[in-house]
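Notes follow the structure.
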Amino acid sequence: MDLARSSTTDAAARAEAVRAAFRTRVESCVLGRLAWVKTEPADEPATWSRARRDAIDYLQMLFAGGALSGTTPAQAYNVVCDHTTMRGAPAGQLHVIIGAAPLRPAELELIHLMIPSAPATR
């Protein structure tokens, strides 16, 4: 998965460009898969579960394709979307936190998505 190209010979700058491209790609793809959230209340465990499952499905596809480091999915990525991510969150927003380790550079990237949702049910 070639996400970024750079003409620089500076390894640190090149690695940052790759990380930025990776974050942008994951954010864009996961947000696309979670477009349905805007019609669901963010305070519902069923919404959290479905959002988590949709994000995991995308990350599993990346892992299976060799784009993430680690020998198991648990080493390659993690998705949190539950009562802990919603604590203190503004009403009408679903928070999804993704940790993923791209193949290169093999460092954990944290991505925090804040997605507008339907009004709360409570």
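The values are calculated or read from the model by the stated rules, or taken from the named source; none is laboratory data. Being a predicted model, the structure only gives us computed values, none of them experimental. Here the Cβ is made from the backbone with ideal geometry for all residues, glycine too, and neighbour counts use every protein chain on show.
Things worth noting here:
- Residue tally, condition surrounded by 14 or more Cβ atoms within 10 Å (Cβ to Cβ) and under 30 Å from Pro41 (Cα atoms), over the stretch 64-84: 8
- Meets criteria (in contact with a strand residue (DSSP E or B) (Cβ under 7 Å, 6 or more places away or on another chain) and polar (S, T, N, Q)) for Thr84: no
- Counting residues in the stretch 86-108 that are assigned to a helix (DSSP H, G or I), of a type outside the set (Val, Ile, Thr) and at pLDDT below 90 gives one or more.
- On the stretch given as the stretch 79-97, residues that are in contact with a helix residue (DSSP H, G or I) (Cβ under 9 Å, 6 or more places away or on another chain) and small (Gly, Ala, Ser) total 0.
- Within the stretch 31-51, the set of residues being among the hydrophobic types (A, V, I, L, M, F, W, C) and buried (at least 19 other Cβ atoms within 10 Å of the Cβ) comprises Leu34, Val37, Ala42, Trp48, Ala51.
- Checking each residue in the stretch 109-118 for being over 8 Å from the mean Cα position of the chain (by Cα) and part of a strand (DSSP E or B) picks out Glu109, Met114, Ile115, Pro116, Ala118.
- Within the stretch 30-59, the set of residues being of a type in the set (Phe, Trp, Tyr) and either farther than 18 Å from Asn78 by Cα or touching a Leu at 6+ places or on another chain (Cβ under 8 Å) (or both) comprises Trp36, Trp48.
- Among the residues of the stretch 85-98, those that are surrounded by 11 or more Cβ atoms within 10 Å (Cβ to Cβ) and over 14 Å from the mean Cα position of the chain (by Cα) comprise Met86, Ala89, Ala91, Gly92, Gln93.
- Inspection of the stretch 58-81 finds no residue satisfying the criterion of being touching a strand residue (DSSP E or B) at 6+ places or on another chain (Cβ under 7 Å), of a type in the set (Gly, Ala, Ser) and over 30 Å from Ala17 (Cβ atoms).
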